[in-house]
Amino acid sequence: MTATAAPATVSRPARTPGAHIGPDWRNGLFIVPFLIVYLGLLIYPLFWGMWISLQQYDMFDQSAIFAGFANFKRLMGDGIFLGTVRNTFLFVLMTVPAFVIIGLALALALNREGRTGATLRAVFFGASVLSVTIVTIIWKMMYLPGIGLISRALGVVGIAPIPFLTSQNMALPAIAATTVWWIIGLPMMLFLAALQQIPGELYEAAALDSAGRWRTLWSITLPSITRTLVVVVIYEIVAQFQLFGQTLLLTQGGPNNSSRSIVLFIYETGFRDWNLGYAAAASEILFLLMAVAAMVQYIASRRREA
Amino acid sequence: MSSIEIDRVSKRFGPVEVISELSLRIESGEFIAFLGASGCGKTTLLRMIAGLETINSGEIRIGGERVDHLPPGARGVAMVFQHYALYPHMTIYDNMAFGLRNIGAARPLIDQRVQQAAKILEIEPLLARKPGQLSGGQRQRVAIGRALVKDPKAFLFDEPLSNLDAALRVRTRVELARLHQQTRATTIFVTHDQVEAMTLAGRIVVMNNRKIEQIGTPMEIYGRPASEFVARFVGSPAMNFLPVSVAGQGGRALLALASGAQLQTNIALEDLPSGEPMRLGIRAEAIRLDSEGSLPGKVEVVERLGDRTHLHVRLADDSTLIAEDVGHSRAAPGDSVNLRIDPDQAHLFDAQGRGYRAAAEARS
């Protein structure tokens with residue numbers, strides 16, 4: 001069957017001058033407010049930082065001399081800076097897997113209805129809202145040799161007090177433990193939200209398919225929350241590379257630089273030694289490290305998913 | 001294939017008893033449907049057989065072996081879920097192989113079973129895909145395939161057709177019937193759709209308010225409903241109900257309708273409770289247009305279904321009946337007509353909803 005439309009004369013309504021639908025440069029005006037904020041607060045500082053990193057910039061007399069890659073060259077030979085890179089990497093390696101494993105374990109354990117589950121979820125998340133100063137005061141007391149809670153607990157089972165914050169080997173792990181205790185709530189909540197998205201029927205089908213507890217976790221739960229897993233890992237990599245407050249307040253980077261992080265190094269170089277060019281160069285290296293680490297994780301997870 | 005026995009099973013959710021002392025025997029190879037409105041307990045009963053719900057008392061036996069304490073995977077049953085419940089991150093092949101892998105089946109056996117099921121269900125080209133890339137009908141086949149590969153003692157279907165569109169539902173229904181003829185597998189099919197139950201099942205268990213109302217073949221359920229609930233629930237259009245008073249004539253019930261018309265039935269008077277208000281139940285096909293008919297009325301709505309016509313007729317006492325006429329019925333809204341009720345197809349229901357009808361041999 002074919003239908004032929006009778007030619008119709010359409011009388012166009014009189015147009016309001018200037019009003020029409022379609023591409024127009026004025027449509028772009030809608031994004032201008034955002035663009036101003038984005039360019040002014042993100043792109044401009046980013047490139048300005050890069051520019052500063054190429055200069056010998058002295059905040060005292062406000063003098064700046066273009067120095068090319070001299071700052072970067074000097075950083076590569078700076079034992080203290082390289083030490084902070086090593087420390088920061090170690091810190092990320094200690095905390096990120098802990099966030100994933102402990103966060104997921106807590107989420108699995110607390111993914112239940114009822115008052116107990118809700119209370120425990122609130123308790124674990126509660127620590128995340130504390131400020132870093134409160135957290136470090138609490139943990140400084142916990143770690144005190146002799147009279148701290150941990151020392152006393154160890155004393156009960158006959159272990160000599162461990163000087164957590166003043167031992168070169170223990171300072172960084174102690175800061176890592178504090179950090180995990182502090183903000184484990186967020187990954188836990190993200191995992192909980194993901195777990196609650198998994199349809200219950202999948203677990204019932206798995207039960208009928210004779211899948212045991214581990215098989216169900218491995219074959220049903222984990223593949224269902226891959227996206228959240230990737231988000232948590234990338235977010236935590238970016239966040240933990242920026243270790244600063246805990247180490248400043250607990251150990252000031254000591255003993256013997258064993259817990260000095262890159263951000264602490266940048267802070268000290270820029271705001272204590274007033275050597276802004278050198279600090280900016282260190283910032284650029286940190287930026288690069290974070291971008292590469294997050295990218296590698298993202299690509300790896302994409303490949304696994306495909 | 002195995003029989004399934006449900007022996008005085010009860011189930012409580014907190015203080016609410018959702019199944020009470022229910023007993024039922026499903027024969028080996030039988031296709032049985034649990035039919036009822038939502039909330040009647042049919043899905044709970046199915047889930048108790050599957051092991052997805054615990055039972056509070058009673059016993060469930062599959063193939064003579066008590067299973068109510070076993071986990072779902074150890075009961076030897078396979079279930080097809082309403083929303084398919086396919087594992088979204090696994091390929092279709094892996095979806096079907098998952099259960100066999102978990103019980104440590106040998107790889108060649110798994111492959112053979114999956115290929116065989118895929119062939120029966122015509123999903124061979126889909127094996128490498130993931131559920132997200134499949135249409136609803138294809139997913140349904142995969143869900144059936146996943147049950148098939150396990151070679152289970154019984155198949156449990158939980159409203160498997162309710163997510164399909166009307167045309168696909170009819171087609172899948174026929175395929176399920178064919179599949180059952182091929183496999184002769186013990187099958188329990190939960191549905192709220194009486195057409196699915198009537199067309200697929202060898203026997204139907206009609207459930208209402210957490211109890212079994214009637215168990216019977218589709219034609220027993222349709223032709224000899226044990227209760228008013230069954231009579232209303234099964235059949236389309238729904239059975240007509242009219243208040244009647246009962247008098248006796250030669251030991252048979254003589255019914256007086258509110259409009260004054262009388263109907264001599266073959267229902268034995270001695271079976272009926274005396275002094276109770278009774279209701280006459282009569283299906284549309286037992287009410288015909290007849291110029292000699294004793295029941296005058298006025299046609300209000302004419303529903304043409306092609307092969308037959310349903311006439312909604314208002315009687316003198318203001319009650320309405322649905323009568324059936326031929327496909328090319330000449331009746332039109334507003335017509336005055338006379339109706340004749342076939343007394344052999346009359347059902348009587350007492351105040352409790354219990355059904356009575358003429359014994360088969362008493363029909364004239």
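Between the Cα long axis of helix B:136-148 and the first principal axis of chain B there is an angle of about 70°, rounded to the nearest 10. The mean sequence distance of close C-alpha pairs (under 8 Å, at least 6 residues apart), as a share of the length of chain A, puts its relative contact order at 27 percent. If I take R0 = 30 Å and measure r between the Cβ atoms of A:Phe66 and A:Ile101 in this structure, what FRET efficiency does the formula 1/(1 + (r/R0)^6) give, to the nearest 0.05? It comes out at approximately 0.05. What FRET efficiency, computed as 1/(1 + (r/R0)^6) with R0 = 45 Å and r the Cβ-Cβ distance, is obtained for B:Gln116 and A:Ile198, rounded to the nearest 0.05? That pair, B:Gln116 with A:Ile198, gives E of 0.90. In a Debye calculation with equal point scatterers on the alpha-carbon sites of chain A and no solvent, what is log10 I(q)/I(0) at q = 0.11 Å⁻¹? Taking Cα atoms of chain A as identical point scatterers yields -0.89.
Averaging the inverse of every distinct alpha carbon separation and then flipping it gives the Kirkwood radius. What is it for the protein assembly as shown, in angstrom units? Let's see the in-between values first.
Values: mean 1/r = 0.0305 Å⁻¹.
One over the average 1/r among Cα pairs gives 32.8 Å for the protein assembly as shown.
Proximity of backbone amide H atoms, modeled 1.01 Å from N, is registered between A:Gln56 and A:Ile65, A:Phe66, A:Ala67 at under 5 Å, excluding neighbours fewer than 5 places apart on the same chain. Extending 7 Å from the Cα toward the beta-carbon at both B:Glu17 and B:Asn56 defines two label points whose distance is 0.7 nm.
So, in chain B, how many Lys pairs have Cα atoms under 23 Å apart, if the pair is 8 or more places apart or on different chains? Show your work: numbers first, answer last.
Values: B:Lys11/B:Lys42; B:Lys11/B:Lys211; B:Lys42/B:Lys153; B:Lys42/B:Lys211; B:Lys119/B:Lys130; B:Lys119/B:Lys150; B:Lys119/B:Lys153; B:Lys130/B:Lys150.
Lysine pairs meeting the criterion: 8.
Computed over protein heavy atoms with a 1.4 angstrom probe, the accessible surface ordering of B:Lys119, B:Lys153, B:Lys11, largest first, is B:Lys119, B:Lys153, B:Lys11.
Choose one answer from A:Val129, A:Val230, A:Val156: the residue with the largest mean-square fluctuation in a GNM of chain A with alpha-carbon springs under 10 Å. Ranking A:Val129, A:Val230, A:Val156 by mean-square fluctuation puts A:Val156 first. Given a 1.4 angstrom probe, I'd like the percentage of the accessible area of the protein assembly as shown that is carbon and sulfur, rounded to a whole number. On the protein assembly as shown, the fraction of accessible area on carbon and sulfur atoms equals 59 percent.
Comparing mean-square fluctuations of B:Arg173, B:Arg314, B:Arg304 from a GNM of chain B with C-alpha springs under 10 Å, the top value falls on B:Arg304. Once the partner protein chains are put back, the range B:80-103 shows a loss of at least 30 square angstrom of accessible area, versus the chain by itself, at B:Phe81, B:Ala85, B:Tyr87, B:His89, B:Phe98, B:Asn102 (probe 1.4 Å, ligands and nucleic acids excluded). Length, then width, then depth: along the principal axes, the Cα atoms of the range A:42-143 run 65, 30, 28 Å.
Nothing charged except the Cβ atoms of Lys and Arg (+1) and of Asp and Glu (-1): what's the magnitude of the dipole of the protein assembly as shown about its Cα centre? Round to the nearest 20 debye.
Details: 62 positive and 55 negative charges, 353 e Å.
Value, rounded to 20: 1700 debye.
Compute the helix-to-body angle for B:166-183: its Cα long axis versus the longest principal axis of chain B, expressed 0 to 90° and rounded to tens. Compared with the principal axis, the helix lies near 70 degrees.
How big is the A-B contact in terms of buried accessible area, both chains counted, 1.4 Å probe, rounded to the nearest 100 Å²?
On the way: alone 19310 and 16990 Å², together 34680 Å².
The summed interface area works out to 1600 Å².
For the pair A:Ala118 and A:Leu35 in one chain, pulling the backbone fully straight at 0.36 nm per residue adds 25.7 nm over the alpha carbon distance.
Kindly state, to the nearest 0.05, the FRET efficiency for A:Ile147 paired with B:Ser28, given R0 = 60 Å and r defined as their beta-carbon distance. E between A:Ile147 and B:Ser28, to the nearest 0.05, is 0.20.
For the range B:4-233, what does the accessible surface come to per residue with a 1.4 Å probe? Please give it in Å².
Details: 9580 Å² over 230 residues.
On a per-residue basis, the range B:4-233 sits at 42 Å².
Between B:Ser294 and B:Leu339, B:Ile341, the built amide H atoms are under 5 Å apart, and every one of these is 5 or more places off in sequence or on another chain. Contact order for chain B, expressed relative to its length and based on alpha carbon pairs under 8 Å spaced 6+ residues apart, stands at 15 percent.
In chain A, which whole DSSP H runs stretch at least 30 Å along their own axis (Cα) and average -0.5 or higher on the Kyte-Doolittle scale?
Those that pass (Cα extent of 30 Å or more, hydropathy at least -0.5) are A:79-110, A:276-305.
Of interest is the spacing of the C-alpha centroids, which for the range B:132-149 and the range A:86-135 amounts to 39 Å. In this view, the solvent-accessible surface of A:Ser63, computed with a 1.4 Å probe and all protein chains in place, comes to about 40 Å².
Under a Gaussian network description of chain B, with springs only between Cα atoms under 10 Å, the residue in B:Gly132, B:Gly145, B:Gly104 that fluctuates furthest is B:Gly104.
How much of the DSSP beta bridge set in the range B:4-233 is antiparallel, as a percent to the nearest 5? Mind dumping the intermediate values first?
Values: 20 of 38 bridges.
Roughly 55 percent of the beta bridges in the range B:4-233 run antiparallel, per DSSP.
Note on B:Val195 and A:Arg213: their simple-model spin labels are 4.8 nm apart, each label 7 Å out from Cα toward Cβ.
The values are calculated or read from the model by the stated rules, or taken from the named source; none is laboratory data. Values in this document were obtained by computation on a predicted structure and should not be read as measured data. Every residue, glycine as well, gets a Cβ built from its backbone with ideal geometry; the counts of neighbours run over all protein chains shown. Note: areas computed on protein heavy atoms with side chains; ligands, DNA, RNA excluded. Shrake-Rupley method; radii C 1.70, N 1.55, O 1.52, S 1.80 Å.
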